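The values are calculated or read from the model by the stated rules, or taken from the named source; none is laboratory data. From a predicted model like this one, the values you see are computed outputs, not experimental measurements. Cβ atoms come from the backbone with ideal geometry, glycine included; neighbour counts cover every protein chain shown. Heavy atoms of the whole protein, side chains included, go into the accessibility calculation; ligands, DNA and RNA do not. Shrake-Rupley method; radii C 1.70, N 1.55, O 1.52, S 1.80 Å.
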Amino acid sequence: MNLLYLTIIIPLLSFLALVSLGRQIRSINITIIGISTMLIVVLISTFSCIDFITNSVPDMSLIYSKTLWNWFSIGDFNVPITLTLDGLSLIFLVLIAFIGILVYFFAAFYLTSQKDIYTFYAYSNLLIASMLTIILVDNLLVMLIGWEGVSLSIYLLIGIYHKQMRNSYSAVKTFFMMHLTDLFFIIAIFLIFQTLETLNIQDILSTAHDNLAVDSDIIFWITLLLFLGAISKSALFPMQSWFNESTLASMPAVALMQSSTVILAGVYLILRLSNLFMMSSDVLYIMTIISSLSIIFSSTIALVQYDIKRIVTFINLAQISYIFFAFSTQNWTLSLNCLINYAITSVLLIFASAILIQKCHGERDISKLGGLTKEFPLLLVIFLFIMLSVSALPWISAAFYIKGDIIWSLILQNSLVSGTIGLLGILFASLSIWRLILKVFYHKLKIHDFAKTNLMSYLPILILLIFTTALFTHFPLPIKGIISTSELDHQGNLSFLFLLTGIVVLSFIIAYTLYAHPNSEVKEVFNTPLVKSFIRFCTANWRFDYLINLLLVKHYMMLANKLKKDPLGIWDNWIMTSIKKTSSHVVGLENGHLRWYIVSIVMGCIFILMLLIFI
């Protein structure tokens, strides 16, 4: 564990090297540098795991801590740079390293342009270093460095193709939205320090527990601001726009942003401070509302999209909400299991979609594809496995137990509305993935020319498929003593499991009726004005971007146009103009004509005499 700091330093050095010299290095060497960087992180993570498992401390409560240096001191206030590794940060470290190496490996066979390769590995290394900073430091102020690094990395990854105006706009929009909620995180840090006089995470938790009352105003505001700070990184409604914009990046970059890194930042913050959130029932209730809105929003949009990237993105967006459902029920262990399942399923979905798009020469519109079963049987099998996981296939997929327990927890807490929305989310997600499969692999063959892909691209997918099965449900996690754990009461939930099974079966029947063999009655329903209006509304993302443009962007642009003329500059120009005019008149007096000097002297003398006489 003494080499833990290298997990941050090496990706950072690799980023600097690739940004400085990437254009001059051959593609193969850039790939070797990128994968080697991630391999070092994987090796250190593996050794840390072995150290952790073989420790002799009871209850798996080992905490490794090492102070690197003192950042700054003001009076008695010190901010040390200290790396801390306990069971929770170890889980995130392993998850980032494991998913990261698979994404890097996939990118090596997927990316072809040298510019794409060096920018992907460079910016991804910065993202990895920023994420590891967040999960390994023990101070909120130091965590803020990693927090900002993540925002910068996303901006760079989305803006890789910055010469296209759409990409530049999306990158700037993402950067703005990230910093909009980062502001709440910064305010929360100030509020915590003002209240508890410390920014060390362990001290915050112990001091808050001893000195602050449950559901007090200060706890409400601190946890609310922290949640708002995390909401953008986790792409919850209404800050989900950047998640959609991330589809403009290359597919490996999309996988890195949507699965294992950015989403983890917000989730980690809440899990690390879970004891604080447990003291505010109001904020947990707000989480339930936001999660419900996120599921409805994302699920309905995923159902009507035709762009494969957007379908995948909105399916992933809906799945994130279940993690926050688990938070709201205070079942922190379940939320971790849900996070791991989400990370694996989302990467699988993106990898499979990337290969499909590449094979079809970049075609992303599912209405232009069809009948690909014979051409790509392996890809069909992979999509079917992913569908089984997303739709929570009973007793086989890990998602069945995890999502089932989350929804059952909501029902036990009398959150029947949220529980129903959770069930609807499973139904819609299953329909969305079925729609994609049936449109692409069923019906008549529409294109006949396909590109070749490297078979090694399938290797990360085949590895990940194993982890979607129920074999890895509720894998024992070393979090005892770090976050609160609780046993879920399963008494009487057999009927609920049958209800969940019924929903999965119902989604298969509906998908077959709507998308495989739609009869005349179905087509008639689709052509009714009400359904058409609803589809248009969902296709336009609930007119959300229009609303944001109307309420924020329009006024911001108006203000920016007014400030473009620089009001202070106008005042400066007026002063400079006055000085220049006065100077020109004065200079005019210094023209060398003697009569002007004599007249000036005479006029001055007369003026002085008049003053002496009359005053």
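Of the residues making up region 22-31, those that are surrounded by 14 or more Cβ atoms within 10 Å (Cβ to Cβ), part of a helix (DSSP H, G or I) and among the hydrophobic types (A, V, I, L, M, F, W, C) number 1.
Would region 384-398 turn up any residue that is at pLDDT 90 or above, within 15 Å of L349 (Cβ to Cβ) and surrounded by fewer than 21 Cβ atoms within 10 Å (Cβ to Cβ)? Don't jump to the end; show me each part of the working.
Our first condition is that a residue be at pLDDT 90 or above; within region 384-398, this holds for 384.
If we keep only those that are within 15 Å of L349 (Cβ to Cβ) too, we end up with 384.
Imposing the further condition that a residue be surrounded by fewer than 21 Cβ atoms within 10 Å (Cβ to Cβ) reduces the set to 384.
Yes, because at least one residue in region 384-398 is at pLDDT 90 or above, within 15 Å of L349 (Cβ to Cβ) and surrounded by fewer than 21 Cβ atoms within 10 Å (Cβ to Cβ).
Only one entry in Q258, Q305 is surrounded by 24 or more Cβ atoms within 10 Å (Cβ to Cβ), touching a Ser or Thr at 6+ places or on another chain (Cβ under 8 Å) and farther than 30 Å from D210 by Cβ, namely Q258. Could you tell me whether any residue of region 32-41 is without any contact (Cβ under 8 Å) to a residue 24 or more places away in the chain and either under 19 Å from A253 (Cα atoms) or buried (at least 16 other Cβ atoms within 10 Å of the Cβ) (or both)? For region 32-41, residues without any contact (Cβ under 8 Å) to a residue 24 or more places away in the chain and either under 19 Å from A253 (Cα atoms) or buried (at least 16 other Cβ atoms within 10 Å of the Cβ) (or both): present. Just one of the listed residues (I426, I437, I421, I407) is among the β-branched types (V, I, T) and farther than 27 Å from T333 by Cβ, namely I437. Scanning region 514-555 for residues that are open to solvent by 80 Å² or more (accessible area, probe 1.4 Å) and either outside any helix (DSSP H, G or I) or touching a helix residue (DSSP H, G or I) at 6+ places or on another chain (Cβ under 9 Å) (or both) yields H517, V525, N527, K532, F534, F537, R543. Working only within region 380-404, note down all residues that are without any contact (Cβ under 8 Å) to a residue 60 or more places away in the chain and in contact with a helix residue (DSSP H, G or I) (Cβ under 8 Å, 6 or more places away or on another chain). Within region 380-404, F383, L384, M387 meet the criteria. Just to check your reading of the model, which residue among T288, T345 is open to solvent by 10 Å² or more (accessible area, probe 1.4 Å), in a helix (DSSP H, G or I) and within 21 Å of L384 (Cα to Cα)? Going through T288, T345 in turn, the sole match is T345.
The residues listed here are T313, T329, T333; of these, the one that is among the β-branched types (V, I, T), over 19 Å from L256 (Cα atoms) and surrounded by 24 or more Cβ atoms within 10 Å (Cβ to Cβ) is T329.
Tell me, which residue of region 461-513 that is assigned to a loop (DSSP other than H, G, I, E, B) and of a type in the set (A, V, I, L, M, F, W, C) is nearest to S346 (Cα to Cα)? The qualifying residue nearest to S346 (Cα to Cα) is F467.
Of all residues in region 295-307, none that is of a type in the set (D, E, K, R) has its Cβ atom under 7 Å from the Cβ atom of a residue that is surrounded by 22 or more Cβ atoms within 10 Å (Cβ to Cβ) and at pLDDT 90 or above, 6 or more apart or on another chain. Screening S45, S27 for residues that are closer than 18 Å to K66 by Cβ and hydroxyl-bearing (S, T, Y) leaves exactly one candidate, S45. The requirement of being open to solvent by less than 10 Å² (accessible area, probe 1.4 Å), under 29 Å from D365 (Cβ atoms), assigned to a helix (DSSP H, G or I) and of a type in the set (S, T, N, Q) is satisfied by S432.
Determine which member of the set G87, G149 is open to solvent by less than 20 Å² (accessible area, probe 1.4 Å), farther than 21 Å from S246 by Cβ and not hydroxyl-bearing (S, T, Y). Show your work before the answer.
Values: G149 fails: farther than 21 Å from S246 by Cβ.
Answer to the selection: G87.
Scan region 3-14 for residues that are touching a Phe, Trp or Tyr at 6+ places or on another chain (Cβ under 9 Å) and either open to solvent by 30 Å² or more (accessible area, probe 1.4 Å) or not in a helix (DSSP H, G or I) (or both) and the total you get is 2.
Name the helices (runs of 4 or more DSSP H) wholly inside region 142-255 in which the number of residues that are β-branched (V, I, T) and more than 22 Å from L12 (Cβ to Cβ) is 3 or more. Let's see the steps before the verdict.
On the way: elements: 165-196, 201-211, 217-233, 241-245, 251-255.
Correct list: 165-196, 201-211, 217-233.
Only a single item in (1) modelled with pLDDT of 90 or more; (2) open to solvent by 10 Å² or more (accessible area, probe 1.4 Å); (3) closer than 24 Å to T37 by Cα is not met by L141, and it is number (3). Is there any pair with a first residue in region 592-615 that is open to solvent by 90 Å² or more (accessible area, probe 1.4 Å) and a second that is at pLDDT 85 or above and among the β-branched types (V, I, T) whose Cβ atoms are under 8 Å apart and which are 6 or more apart or on different chains, and what are they? Going by the 8 Å Cβ cut-off, there are no qualifying pairs.
Residues that are loosely packed, with under 15 Cβ neighbours inside 10 Å and at pLDDT 90 or above within region 180-201 comprise F190, Q194, listed in sequence order. Every condition in (1) within 20 Å of the chain's Cα centre (by Cα); (2) free of Cβ contacts under 8 Å to residues at least 24 places away in the same chain; (3) within 30 Å of V94 (Cα to Cα) holds for V172 except the one numbered (3).
May I ask you to say which residue of G419, G404 is over 14 Å from I296 (Cα atoms) and either in a helix (DSSP H, G or I) or aliphatic (A, V, I, L, M) (or both)? Break it down stepwise before answering.
Details: G419 fails: over 14 Å from I296 (Cα atoms).
Sole residue among the options that is over 14 Å from I296 (Cα atoms) and either in a helix (DSSP H, G or I) or aliphatic (A, V, I, L, M) (or both): G404.
Contact annotation: residue pairs with Cβ atoms under 6 Å, 6 or more positions apart or on different chains, pairing a residue in region 490-507 that is more than 19 Å from S389 (Cβ to Cβ) with a partner that is modelled with pLDDT of 90 or more and surrounded by 12 or more Cβ atoms within 10 Å (Cβ to Cβ), are N493/W408; F496/W408.
Is it the case that region 51-60 has a residue that's out of contact with any Ser or Thr (no Cβ under 6 Å at 6 or more places or on another chain), over 29 Å from D182 (Cα atoms) and buried (at least 21 other Cβ atoms within 10 Å of the Cβ)? Explain how you work it out, then say what you get.
Taking region 51-60 first, the residues out of contact with any Ser or Thr (no Cβ under 6 Å at 6 or more places or on another chain) are 51-60.
From what's left, over 29 Å from D182 (Cα atoms): 51-60.
This time we only want the ones that are buried (at least 21 other Cβ atoms within 10 Å of the Cβ), so: none.
Looking for residues that are out of contact with any Ser or Thr (no Cβ under 6 Å at 6 or more places or on another chain), over 29 Å from D182 (Cα atoms) and buried (at least 21 other Cβ atoms within 10 Å of the Cβ), one finds none in region 51-60, hence no.
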